[in-house]
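Just below is one structure, and these are the notes that go with it.
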Amino acid sequence: MQKIVLETVGLTKRFGNVTPLDGIDMQVREGEWVAIMGPSGSGKTTMLNILSCLDTLSEGKYILDGIDTSQVSEKERVVVRREKIGLVFQQFHLVPYLTALENVMLAQYYHGMIDRDDAIEVLNRVGLSHRYDHLPSQLSGGEQQRVCIARALINQPAIILADEPTGNLDESNEQIILDFFKELHAEGRTIVLVTHNPELAEFADRTVRLHHGKVVQHAA
Amino acid sequence: MFLLMLRQSFFRGRRRKLLATSTIILAASLITALMTISIDVGDKMSREMKSYGANLNLVPKSENLPLEIGGVDYNPLKGEVFLEEQDLGKMKEIFWHNNIAGYAPFLKVPAKLEGEGGAAVPLVGTYFSRLVKFAGNEEFRTGVREINPFWQVKGNWPDDGRTDQVLAGATLAHKLGLKAGDRLTVRYALAPTQPEAVTVTGILTTGGAEEAALVAPLALAQRISGHTGKVQSASVSALTVPEDRLSRKARRGADSLDSLEYDRWYCTAYVSSIAHQLEEAIPSAAARPIWQVAASEGTVVNKIQLLMVVVTIAAFIASGLGISSLMVTTIMERSREIGLMKALGAADWEVYLLFLSESALVGLIGGLIGCGAGALLAQLIGLSIFGSTVSFHPIVIPVNVVISILIALAGSLVPSRLITRLFPAEVLHGRK
Ligand SMILES: Nc1ncnc2c1ncn2[C@@H]1O[C@H](COP(=O)(O)OP(=O)(O)OP(=O)(O)O)[C@@H](O)[C@H]1O
Ligand SMILES: [Mg+2]
């Protein structure tokens, strides 16, 4: 059995009287690819925000790579975020005045070590070998998302968290991104992917279905 | 990487920075101009104030203050001591000779008019505008027209070289019905001397005691009274610096200063040190500063400088507020970017640092450009108000650049707190 990278115990999140997450128990093992699915408003994004330490939980426990994140300070959560997590969003968030390469290097910078060659290599991997020096505004949506993935990969994170990474893309670009995730999975990366798309979820090891903040099904 | 970000953010976001930079430029140029002028205003004002008359009075050492009521001197001339007319040129040989803008000697004698009931009138002899030789053969033009530009004549000024021309003071002229071109015969009132026939060349308005007298070239007053080569007093117009602590201390007597203070006082163009040097040059004379003039020069200059400080502070605050609101907009605009940096693991202070550095850079650039613009502005103000250029003091540049950076930073400090309150989870998912 592989070791557990991510574990939640009775994870609950409340916004006033809204409870988008209500007692979630979930485990993700090293090298696993887990898809989170569910109807709109079921709490998927809220879940991912907590998993990526961008938000705090109201009740329960969240243990990432052996660290109980509910016990650490805001400062340490920043550290956990940059050491352990690679993030991909639905919108392609890039710093608009930095080139593709510089955007990837920015993640290296906050992580503590800049290695230009490394950054170039990752960009080559996502098929952007001729696009280092382009600004985000000069790249297509698919290309921007590939830069985001390159940025998520650069620091060898313990886990890659993606919130509907193909939600804003057309089919051909979706396929390219999907192929990446397959490739990464084959390499043994741990991936948690939120999606609406059952096709995407098909390739995952298993799917967690959320409904009204509860896990309704763990499917293989 | 940080510098790279700073540079890219700055140059690729140029348009955004333009507004902030121009705010700083505006403030910096205003502050530069005001600073440049306020450094120079003392000198400029002092020159300006000279048009309000003399600020030193030179009298014989043993003479008591003249007893003068309504322009009539009740201090009898007999037994009076005089200054030598030829000694006055020594004024231009003192350390501060360049600051002696001019002087006018005075000899006031009681006179009588022939006929018309023999009215008693004071006759004042002085220089109107006359070339005086000093220190060998240097020449310099001096007289009441030079030091009292507010003296006005309806008609013509008498010629200093002639003894048959006089001005009639406005009050006297009114009383006796005199007008330009009238002929008079004047006689010394105290002793029987030769009467002199004179022509009134003009009517004099001064706002002072001279309006009740006949004002004549010095030579006429000397000849009529027999006091050849003598004068009673001289008014001196000196360019002085405003009074300060040192000069006020010196007023208690030069002895109250230690040698260091004395040197500094002596080598500063205070009205008191100039007076002191005049007494050294002309041992028989006592130089009395006319304190009202000297002091009001100082206070006017101080008030102007205070006003400039107030305006400067206002400019500081206004531009700080301008920067502040620009910063708020910038942070709103760039909230996604900030959220992203935080999501990538940037600590709050790292984001702060980026934004404050950008502000500092804006301050630096704005300050430098503003200095240039302000220097020009100062010249314009100098030309339009004082009619002369202002000298530029290099010290203004670093001071201004530092002030500009401070404005930019101070303006950014409060809004940058927004950065802390920005949660990446909210901005990155487009929820706000
Ligand atoms: N900051 C918040 N304050 C109040 N309610 C919130 C907040 N964030 C999320 N919610 C609520 O929590 C619920 C779950 O939201 P969430 O964004 O996680 O849904 P989702 O599964 O990602 O939906 P979608 O598929 O449309 O993206 C929603 O009902 C939403 O209104
Ligand atoms: Mg969502």
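The values are calculated or read from the model by the stated rules, or taken from the named source; none is laboratory data. Nothing here was measured: the structure is a model prediction, and the numbers come from that model. When we count neighbours, we look across all protein chains shown, and the Cβ atoms used for this are built from the backbone with ideal geometry, even at glycine. Each accessible area value is taken on the protein alone, full model and side chains, heavy atoms only, with ligands, DNA and RNA left out. Shrake-Rupley method; radii C 1.70, N 1.55, O 1.52, S 1.80 Å.
Charges were assigned to the Cβ only: +1 to each Lys and Arg, -1 to each Asp and Glu. The resulting dipole of region B:55-289 about its Cα centre is roughly 360 debye. Burial annotation for region B:392-432: residues with an accessible-area loss of at least 40 Å² between the isolated chain and the complete set of protein chains, computed on heavy atoms with a 1.4 Å probe, are B:ALA425, B:LEU428, B:HIS429. Considering only Cα atoms, the convex hull volume of region A:122-220 works out to 115 Å³ per residue. Shape descriptor for region B:55-289: Rg over Rh equals 1.01 (Cα atoms; Rh from the Kirkwood inverse mean 1/r). In this label model, B:ASN302 and A:GLU30 are separated by 8.1 nm, measuring between points 7 Å along each Cα→Cβ vector. Measuring nothing but protein heavy atoms, the accessible surface of the protein assembly as shown at 1.4 Å probe radius is 56 percent carbon and sulfur.
Secondary-structure-derived ellipticity at 222 nm for chain B, considering helices only, amounts to -15500 deg cm²/dmol, per-run term -39500 (n - 2.57) for DSSP H runs with n ≥ 4. With R₀ set to 45 Å, the beta-carbon distance separating B:VAL81 from B:GLU114 gives a calculated FRET efficiency near 0.90. A straight chain from B:CYS267 to B:SER129 at 0.36 nm per residue would run longer than the Cα-Cα distance by 46.7 nm. When shorter helices are ignored and each DSSP H run of at least 4 residues is given -39500 (n - 2.57), the per-residue value for chain A at 222 nm works out to -10500 deg cm²/dmol. Going down the list B:LYS112/B:LYS133; A:LYS61/A:LYS214; A:LYS61/B:LYS342; B:LYS92/B:LYS303, which pairs span over 27 Å between their C-alpha atoms? Going by Cα-Cα distance, B:LYS112/B:LYS133; B:LYS92/B:LYS303 fall outside the 27 Å limit.
Just to confirm, what accessible area per residue do you get for region B:55-289 at 1.4 Å probe, in whole Å²?
With the other protein chains kept in place, region B:55-289 gives 47 Å² per residue.
Entry comment: accessible area of region A:4-219 is 41 Å² per residue, from protein heavy atoms only and a probe of 1.4 Å. Go ahead and run the numbers for FRET between A:SER140 and A:LYS214, Cβ-Cβ distance against an R0 of 35 Å, rounding to 0.05. For R0 = 35 Å, the calculated efficiency reads 0.35. Put a dot 7 Å past the Cα of A:GLU187, heading toward its Cβ, do the same for B:GLU333, and the two dots end up 3.7 nm apart. The distance between label points at B:ASP258 and B:VAL399 comes to 2.8 nm (points 7 Å beyond Cα on the Cα→Cβ vector). Cβ-Cβ distance of B:PHE95 and B:ASN156, R₀ of 45 Å, FRET efficiency by 1/(1 + (r/R0)^6): the value works out to about 0.75. Ordering of B:175-186, B:332-343 by packing is B:332-343, B:175-186, highest average first (other Cβ atoms within 10 Å, averaged per residue). If you take every DSSP beta bridge fully contained in the protein assembly as shown, what fraction is antiparallel? Give it as a percent rounded to 5. Among the beta bridges of the protein assembly as shown, antiparallel pairing accounts for roughly 70 percent. In region A:96-114, burial by the other protein chains removes 50 Å² or more of 1.4 Å probe accessible surface, compared with the chain on its own, from A:TYR97, A:GLU102, A:TYR109, A:TYR110. Peptide A:51-63 has a mean of 2 when you count, residue by residue, the C-beta atoms of other protein chains within 10 Å of its C-beta.
Per residue, the accessible area of region B:377-432 comes to 54 Å² when a 1.4 Å probe rolls over the protein heavy atoms. Computed on the Cα trace of chain A, the radius of gyration divided by the Kirkwood hydrodynamic radius gives Rg/Rh = 0.96. So if I place +1 on the C-beta of Lys and Arg and -1 on the C-beta of Asp and Glu, and nothing else carries charge, what would the dipole magnitude of region B:210-272 be about its Cα centre? I want it in debye, nearest 20. With Lys and Arg at +1 and Asp and Glu at -1, about 140 debye. Accessible surface buried at the A:B interface totals approximately 2400 Å², computed with a 1.4 Å probe on protein heavy atoms. In this Cβ point-charge picture (+1 for Lys and Arg, -1 for Asp and Glu), chain B has a dipole of about 1980 debye about its Cα centre.
The convex hull of the Cα atoms of region B:231-351, projected and averaged over all directions, covers 13.3 nm².
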